[in-house]
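Visitor: This structure is in structure tokens; I'll ask about it shortly.
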Amino acid sequence: MIPAEFDYVKAGSVDEAVAALVAGGEDSKVLGGGQSLLPVLRLRLNSPSVLVDVSGIDELRQVTDEGSSILVGAGVTTHEVMHHALVTAHVPLLSQAAGLVADPAIRHLGTFGGSCTHADPSGDMPSVAAALDAEFVVAGPGGRRTVAASDFFVDFFTTAVGLDEVLVAVRLPKMDGWGSHYEKFHRTAQAWAIVGVAAAVKVEGGAITGAKVALTNMGPTPVRATSVEAALVGGPATVEAIAGASGSAADGTSPTTDTHADAEFRQHLARVLTARAVTKAAGL
Amino acid sequence: MTETVMRTDGAAIGRADRRKEDARLLTGRTNWTDNIQLPGTLYMSCLRSSMAHAKILSIDATAALELDGVVHVFTGKDFPELAGSTCVWPVTDDIKMSTFPAICLDEVKYAGDVVAIVLANDKYVAVDALDLIDVDYEHLDAVVDMEEALKPGSPLVHSEMGTNECYVARMPCGDYEAAKAKADLVVRRRFINQRLIPNTMEPRAVVAAPMGMSDEITIWSATQIPHVLRVLLALLTGIPENNIRVVAPDVGGGFGAKLQINREEVLALVLAKKIGKPIKWTETRSEHMVATHHGRDQIQDIELAVTQDGQILGMKVDLLADMGAYLQIITPGTPLLGMFMYSGIYKMEALDFTCTGVYTTKTPTDAYRGAGRPEATYAIERIVDEAAAELGIEPLEFRKRNWIKHEEFPYTQIAGLTYDTGNYEAATARALELFGYDELRAEQTARRASGDTVQLGIGISTFTEMCGLAPSRTLGALKYVAGGWEHCTIRALPTGKIELVTGTSPHGQGHETAWSQIASDIIGVPVEDIEVVHGDTGRAPYGMDTYGSRSLAVGGQAIKMAGERLVEKARLIAAHQLEASPDDIEFSAGTYSVKGDPEKSTTIQAVAFEAFTAHNLPDGMEPTLSGESTVDPMDFSYPHGTHLAAMEVDTETGMVKLRKYVAVDDCGIQINPMIVEGQVHGGLAQGIAQAMFEGALYDNDGNLLTGSMGDYLLPSAADLPSFITDRTVTPSTTHPLGTKGIGEAGAIASTPAIINGVVDAIRHLGVTDVFMPASPQNVWRAIQTAKNGGAA
Ligand SMILES: Cc1cc2nc3c(=O)[nH]c(=O)nc-3n(C[C@H](O)[C@H](O)[C@H](O)COP(=O)(O)OP(=O)(O)OC[C@H]3O[C@@H](n4cnc5c(N)ncnc54)[C@H](O)[C@@H]3O)c2cc1C
């Protein structure tokens, strides 16, 4: 539980952080809230030579109203995501899911950006971002670029953020008029999701007119349950119809087997929990 | 929730005093072993085998030795004869005893076994160096499954033994075959009491340091057993016992995991002596998961022979008990600590007990909170539910037909133990009242009728256990190589303050408070004037330490005797000073007065000063005032209780929720009801955790899959409901204070209550058992298997 030796740089701005990453080369790593990276270092699963701490960068700590979207800085803590007025008002799915992450101590240190960049398949924030078609603002030596959620999550613990890049912020569309629910299935309060389902639906005149569903821990990256979405849209907002549509939730997923659940059980859970999440999102 | 506060003569016993030790423990102002910083310390780190079973072909430490700050690297070749642990309980005449090397010489036998150790000037360097040691292994097959291990042709853990069978212990009581022949029904189940990893807040830690002014080496260790450890360290290292002082400073939890002699302790001591510098080692949590002994791990084949009208005739118990790779302090004896308890609170004609100890290439097992009794209680309380279900009798009614009635005590049960007192009817009645049993049964019926996704079950556990190991002769008869006595010295200091020296070694239990309360009543000195000295063989030379709910049950008796002896000596001095006959001196609340002349009086504090100056003592009396006692208990004590759990099971996901838990315990007289409450709560959490959350898993190659807390789930307060607890009070008649023991009761009783509740919730779906922990997957599988017509 003792990490190997490393150098530490505290960056004051995004540019400074990028410069430090470039200077540090391949072995440098961004440090956000440290709630995932420090355990990795302590277990000696990784031993970067330089840590570039971005937690002091002002720009990363802002939550901004952009009109039709909310821009959440990568350094905003999970606790702040849970309680920020703009988030609770316009992207309640994110704040509700944030409240189910880990425990209060970890939520006060861990950051939204760190969660997304860590890209743990069992992380809750990535599937919310995937469900809502979030956009990721990434800064590197060549300037800034925007990456769609569908391109951001690449593999287990791997995102589109390059070794010399910093995630600056995440843009989430306002979900005004939508209902949403994050259904997290876990055995103890502070445990990771065995399976999670992020669901947002728009119900108009008793019918579902929009549906966004993403699954946590059903593959190396968040999985959009596109067949469920397609089956829901245009159908009635009833418990039966939702249950029917959710039957395909596990199609095309490739969950792992671990000490908490095997792949078969995860696929079963995905179907049951998708129905539950969508039903709650639809307010039924 | 303590309504009845029982008092004996004085005022302190029975009072819910706040714990004296808590201010320093809760604010972190105490010194844990890892806080001890001595100049010149060398930090020890251990290179642990990543393989479960392998030959060590070569070890190259060149690169590690070149690292700045590394002072030494030692391998098994440096200490080929040194044992790192030992077993004090060879349970049968033909048991196959393993030798546990301090450092493995040519073979590793579990993932976590030590192959080399590093000493460095800096603890970070000590860990860095481990990555630089190159070990060349030759893979050997792992032995993971106990039944496979016993098959001919299985790879062997200890090849020289020719078998993985460590021992077979039998205890036939009565004639089981005859009982079975009379039975209308024989209920059979295989229960798996899974492997658990005891987790204490404070991991293990040790500092060993030569003290310079003599040949003494002091060893501070986060241990439950400083006294026993001293003896064993002397035996294993050859360092004379009188040169070893063991100190257990404040210790952050034990649960049996620190009832051990560990190779890290042996090595620290030997190296401190060899090198002449302080040696320090502190376990990391990851090391703890593989290297501190594990608990439970039994396959239990249980039969219960019953009549149609619900009378238990006999029970057959056939256990496979996983020893792991080596025998440690009481590894083989741990399953046998439950041997006498399989009949629980029930009357029966026969109990046929067999236990086979099996070596596997896994972390050694040993005592874990309850040690043997949780396994026994699980088996009997689960099988009576199963028998009741098969007979169609309400499970509580089935228990009532078979339990020992309160008027039948003292009762000698089938395994030969004599339960002194008990009142199962009273505890059960109180539990039912607190639980709302009938309402919950009605809700259960309604949920079944409506086919609710979430089904409700009620789990019952009417348990008893044995505390206060044990009369020394009994231990001798069981081949245990130590006694069961306990010691106390109470010294009245010249200033009137009291020093109470106990041989028990608390690690969270609150002995300082409770022992002060007992002594306060007996010698009439305020609780705050009593200082309890413990856990240091230099200051408290005699003791048998703390485990098995023994500290109050045995140690409490020694406090009482020592206190009474002190009071009697002081009475003689008081009589002399007051110029009265000792028979005419009354003692009450710390004051000696002459009968009929209360003006003529003196206090125990004043007498203490007189005893110190010795200016005016009775002829022939020795100066100083103290009382001393070493008590060998008359018998075990038998706490009991009734626990009820309301379990909700989501039949779609298998998720289990504990909705309500009622625990009514009978631990006899309570010295401090608040401490009792704390022990009950902690015990419940641990027993419930076995049922719902915890479980060590290995893959087929012998790798521990649950090596972190992400995989090995421990519940926090957020995962447990607020427990509803109460006590009935049936004083023990074999213990002078009327006390029993409460340290393990919660952990013993609660596991079957939870699983009985889970099974009860889904029995109508055809489920008759659920593997522990009752994880969603295990419960869901049980339901699926039953649906598909298989036995669950
Ligand atoms: C006990 C425990 C339980 C947990 N339970 C959950 C849970 O239930 N659900 C859940 O979702 N999470 C859980 N977490 C993870 C937690 O939410 C972490 O905070 C989060 O995953 C990482 O955020 P961080 O800011 O701490 O990132 P860090 O640990 O600092 O970094 C994580 C990774 O992201 C990179 N990184 C961080 N910030 C940036 C950035 N701005 N730009 C580029 N790269 C960056 C780092 O280089 C590193 O690779 C748990 C953690 C613990 C310790």
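The values are calculated or read from the model by the stated rules, or taken from the named source; none is laboratory data. Nothing here was measured: the structure is a model prediction, and the numbers come from that model. Glycine also receives a Cβ, built like all others from the backbone with ideal geometry; neighbour counts cover every protein chain displayed.
Visitor: Inside the stretch A:112-150, can you point out the residues that are of a type in the set (S, T, N, Q) and under 17 Å from A:Trp192 (Cβ atoms)? Give the derivation first.
Guide: From the stretch A:112-150, those of a type in the set (S, T, N, Q) are A:115, A:117, A:122, A:127, A:146, A:150; that's our starting set.
Matches in the stretch A:112-150: A:Ser115, A:Thr117, A:Ser122, A:Ser127.
Visitor: The conditions are (1) at pLDDT 95 or above; (2) touching a Lys or Arg at 6+ places or on another chain (Cβ under 9 Å); (3) away from chain A (no Cβ under 14 Å); (4) buried (at least 20 other Cβ atoms within 10 Å of the Cβ), and B:Pro633 fails exactly one of them. Which is it?
Guide: The single condition B:Pro633 does not satisfy is (1).
Visitor: Kindly indicate whether B:Ala646 is in contact (Cβ under 8 Å) with a residue 60 or more places away in the chain and among the small types (Gly, Ala, Ser). Before you say what the answer is, go through the steps one by one.
Guide: Working: in contact (Cβ under 8 Å) with a residue 60 or more places away in the chain: yes; among the small types (Gly, Ala, Ser): yes.
Spelling it out, B:Ala646 is indeed in contact (Cβ under 8 Å) with a residue 60 or more places away in the chain and among the small types (Gly, Ala, Ser).
Residue by residue, here is whether (1) within 14 Å of chain B (Cβ to nearest Cβ); (2) under 16 Å from the mean Cα position of the chain (by Cα) holds:
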| position | (1), (2) |
| --- | --- |
| A:Val170 | no, yes |
| A:Ala207 | no, no |
| A:Val233 | no, no |
| A:His268 | yes, no |
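Visitor: Evaluate the stretch B:143-165: report whether one residue or more is in a strand (DSSP E or B), surrounded by 13 or more Cβ atoms within 10 Å (Cβ to Cβ) and within 34 Å of the chain's Cα centre (by Cα). If you could, list the steps in order and put the result at the bottom.
Guide: Kept after step one, since they are in a strand (DSSP E or B), are these residues of the stretch B:143-165: B:165.
Restricting the remaining residues to those that are surrounded by 13 or more Cβ atoms within 10 Å (Cβ to Cβ) gives B:165.
So of that shortlist, the ones also within 34 Å of the chain's Cα centre (by Cα) come out as B:165.
Checking the stretch B:143-165: at least one residue is in a strand (DSSP E or B), surrounded by 13 or more Cβ atoms within 10 Å (Cβ to Cβ) and within 34 Å of the chain's Cα centre (by Cα).
Visitor: Something else: In the stretch A:58-77, how many residues are of a type in the set (Gly, Ala, Ser) and within 11 Å of the ligand (Cβ to nearest atom)? Spell out how you get there, then give the answer.
Guide: Keep residues of the stretch A:58-77 that are of a type in the set (Gly, Ala, Ser), which gives A:67-69, A:73-75.
Among the residues that remain, those that are also within 11 Å of the ligand (Cβ to nearest atom) are: A:73-75.
Result for the stretch A:58-77: 3.
Visitor: Still on this model: Restricting to the stretch A:40-57, name every residue that is within 13 Å of the ligand (Cβ to nearest atom) and in contact with a Ser or Thr (Cβ under 9 Å, 6 or more places away or on another chain).
Guide: A:Leu41, A:Arg42, A:Leu43, A:Pro48, A:Val50, A:Leu51, A:Val52, A:Val54, A:Ser55, A:Ile57 - these are the residues of the stretch A:40-57 that are within 13 Å of the ligand (Cβ to nearest atom) and in contact with a Ser or Thr (Cβ under 9 Å, 6 or more places away or on another chain).
Visitor: Sticking with this structure for a sec: Within the bounds of the stretch B:772-791, is there any residue that is more than 14 Å from chain A (Cβ to nearest Cβ) and touching an Asp or Glu at 6+ places or on another chain (Cβ under 9 Å)?
Guide: Checked the stretch B:772-791: at least one residue is more than 14 Å from chain A (Cβ to nearest Cβ) and touching an Asp or Glu at 6+ places or on another chain (Cβ under 9 Å).
Visitor: Scan (1) within 14 Å of the ligand (Cβ to nearest atom); (2) within 23 Å of A:Ser36 (Cα to Cα); (3) not small (Gly, Ala, Ser) for the single condition A:Arg144 breaks and write down its number.
Guide: Only one criterion is unmet by A:Arg144, namely (2).
Visitor: Being buried (at least 21 other Cβ atoms within 10 Å of the Cβ) and either closer than 20 Å to A:Pro39 by Cβ or of a type in the set (Lys, Arg) (or both) is the filter here; which residues of the stretch B:707-732 pass it?
Guide: B:Gly707, B:Leu713, B:Arg727
Visitor: So is B:Gly682 closer than 20 Å to B:Thr200 by Cβ, more than 14 Å from chain A (Cβ to nearest Cβ) and surrounded by fewer than 22 Cβ atoms within 10 Å (Cβ to Cβ) or not? I'd like the intermediate steps shown before the answer.
Guide: Values: closer than 20 Å to B:Thr200 by Cβ: yes; more than 14 Å from chain A (Cβ to nearest Cβ): yes; surrounded by fewer than 22 Cβ atoms within 10 Å (Cβ to Cβ): yes.
Answer is yes for this residue.
Visitor: Something else about it: So which residues in the stretch A:36-67 are over 22 Å from A:Ala11 (Cβ atoms) and touching an Asp or Glu at 6+ places or on another chain (Cβ under 9 Å)?
Guide: A:Arg44
Visitor: Assuming A:Thr188 fulfils every condition listed in (1) over 15 Å from A:Ala130 (Cβ atoms); (2) within 14 Å of another protein chain (Cβ to nearest Cβ); (3) in contact (Cβ under 8 Å) with a residue 60 or more places away in the chain apart from one, which condition is it?
Guide: A:Thr188 satisfies all of (1) over 15 Å from A:Ala130 (Cβ atoms); (2) within 14 Å of another protein chain (Cβ to nearest Cβ); (3) in contact (Cβ under 8 Å) with a residue 60 or more places away in the chain except (3).
Visitor: For B:Thr725, are the conditions met, namely being away from chain A (no Cβ under 14 Å), out of contact with any Lys or Arg (no Cβ under 9 Å at 6 or more places or on another chain) and part of a loop (DSSP other than H, G, I, E, B)? Can you show your working first?
Guide: Numbers: away from chain A (no Cβ under 14 Å): yes; out of contact with any Lys or Arg (no Cβ under 9 Å at 6 or more places or on another chain): yes; part of a loop (DSSP other than H, G, I, E, B): no.
So B:Thr725 does not fit the description; no.
Visitor: What is the number of the single condition among (1) within 25 Å of B:Asp699 (Cα to Cα); (2) at pLDDT below 95 that B:Tyr124 does not meet?
Guide: Result: B:Tyr124 passes all but (1).
Visitor: Could you say whether any residue in the stretch B:207-228 is assigned to a loop (DSSP other than H, G, I, E, B), under 30 Å from B:Ala63 (Cβ atoms) and among the small types (Gly, Ala, Ser)?
Guide: So the first thing to find is which residues in the stretch B:207-228 are assigned to a loop (DSSP other than H, G, I, E, B), and the list is B:211-216, B:222-225.
Pick out the ones that are also under 30 Å from B:Ala63 (Cβ atoms) and you get none.
No - not one qualifying residue is present in the stretch B:207-228.
Visitor: Right, here's the next one. Residues in the stretch B:496-506: is at least one in a loop (DSSP other than H, G, I, E, B), in the same structural domain as B:Val607 (by TED's automatic domain parsing) and aliphatic (A, V, I, L, M)?
Guide: Looking only at the stretch B:496-506, we keep the residues that are in a loop (DSSP other than H, G, I, E, B), and these are B:496-497, B:503-506.
Subsequent filtering for residues that are in the same structural domain as B:Val607 (by TED's automatic domain parsing) retains B:496-497, B:503-506.
Filter once more, so that each one left must be aliphatic (A, V, I, L, M): none.
No, the conditions are met nowhere in the stretch B:496-506.
Visitor: Right, next: Just the residues that are touching a strand residue (DSSP E or B) at 6+ places or on another chain (Cβ under 8 Å), of a type in the set (S, T, N, Q) and near the ligand (Cβ under 6 Å from one of its atoms), please, taken from the stretch A:78-129.
Guide: Passing the criteria: A:Thr78, A:Thr111, A:Thr117.
Visitor: Within the stretch B:559-577, identify whether any single residue is within 30 Å of B:Trp220 (Cα to Cα), surrounded by fewer than 18 Cβ atoms within 10 Å (Cβ to Cβ) and under 38 Å from the mean Cα position of the chain (by Cα), and answer yes or no.
Guide: No, that holds for no residue.
Visitor: Counting only residues that are out of contact with any helix residue (DSSP H, G or I) (no Cβ under 9 Å at 6 or more places or on another chain) and assigned to a strand (DSSP E or B), how many does the stretch B:38-61 have?
Guide: Residues that pass the stated criteria total 5.
Visitor: For the stretch A:21-37, indicate whether the set of residues that are away from the ligand (no atom under 12 Å from the Cβ), modelled with pLDDT of 95 or more and more than 14 Å from chain B (Cβ to nearest Cβ) is non-empty.
Guide: Yes, that holds for at least one residue.
Visitor: Sticking with this structure for a sec: Could you tell me whether any residue of the stretch B:733-742 is more than 14 Å from chain A (Cβ to nearest Cβ), among the aliphatic types (A, V, I, L, M) and surrounded by fewer than 24 Cβ atoms within 10 Å (Cβ to Cβ)?
Guide: Step one: list which residues in the stretch B:733-742 are more than 14 Å from chain A (Cβ to nearest Cβ), which gives B:733-742.
Still in the list and also among the aliphatic types (A, V, I, L, M): B:737, B:742.
Filter once more, keeping what is surrounded by fewer than 24 Cβ atoms within 10 Å (Cβ to Cβ): B:737.
Scanning the stretch B:733-742 turns up at least one residue that is more than 14 Å from chain A (Cβ to nearest Cβ), among the aliphatic types (A, V, I, L, M) and surrounded by fewer than 24 Cβ atoms within 10 Å (Cβ to Cβ).
Visitor: Within the stretch B:460-514, work out how many residues are surrounded by fewer than 21 Cβ atoms within 10 Å (Cβ to Cβ), touching a residue at least 60 places away in the same chain (Cβ under 8 Å), farther than 19 Å from B:Ala540 by Cβ and of a type in the set (A, V, I, L, M).
Guide: Qualifying residue count for the region: 2.
Visitor: Can you tell me which condition A:Met218 does not meet? The list is (1) away from the ligand (no atom under 16 Å from the Cβ); (2) surrounded by 24 or more Cβ atoms within 10 Å (Cβ to Cβ); (3) assigned to a loop (DSSP other than H, G, I, E, B), and all the others hold.
Guide: Against the list (1) away from the ligand (no atom under 16 Å from the Cβ); (2) surrounded by 24 or more Cβ atoms within 10 Å (Cβ to Cβ); (3) assigned to a loop (DSSP other than H, G, I, E, B), A:Met218 comes up short only on (1).
Visitor: Considering only the stretch A:244-251, I want to know if a residue exists there that is of a type in the set (A, V, I, L, M), buried (at least 23 other Cβ atoms within 10 Å of the Cβ) and within 12 Å of chain B (Cβ to nearest Cβ).
Guide: No.
Visitor: Quick one: is B:Thr785 modelled with pLDDT of 95 or more, within 19 Å of B:Gly654 (Cβ to Cβ), polar (S, T, N, Q) and assigned to a loop (DSSP other than H, G, I, E, B)? Working first, answer last.
Guide: Details: modelled with pLDDT of 95 or more: yes; within 19 Å of B:Gly654 (Cβ to Cβ): yes; polar (S, T, N, Q): yes; assigned to a loop (DSSP other than H, G, I, E, B): no.
For B:Thr785, the condition - modelled with pLDDT of 95 or more, within 19 Å of B:Gly654 (Cβ to Cβ), polar (S, T, N, Q) and assigned to a loop (DSSP other than H, G, I, E, B) - is not met.
Quick grid of which residues meet (1) in the same structural domain as B:Asp726 (by TED's automatic domain parsing); (2) within 30 Å of B:Leu469 (Cα to Cα); (3) at pLDDT 95 or above; (4) surrounded by fewer than 20 Cβ atoms within 10 Å (Cβ to Cβ):
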residue: B:Asp597; (1), (2), (3), (4): no, no, no, yes
residue: B:Ala608; (1), (2), (3), (4): no, no, yes, no
residue: B:Leu625; (1), (2), (3), (4): no, no, yes, no
residue: B:Gly641; (1), (2), (3), (4): yes, yes, yes, no
residue: B:Leu644; (1), (2), (3), (4): yes, yes, yes, no
residue: B:Ile671; (1), (2), (3), (4): yes, yes, yes, no
residue: B:Glu677; (1), (2), (3), (4): yes, yes, yes, no
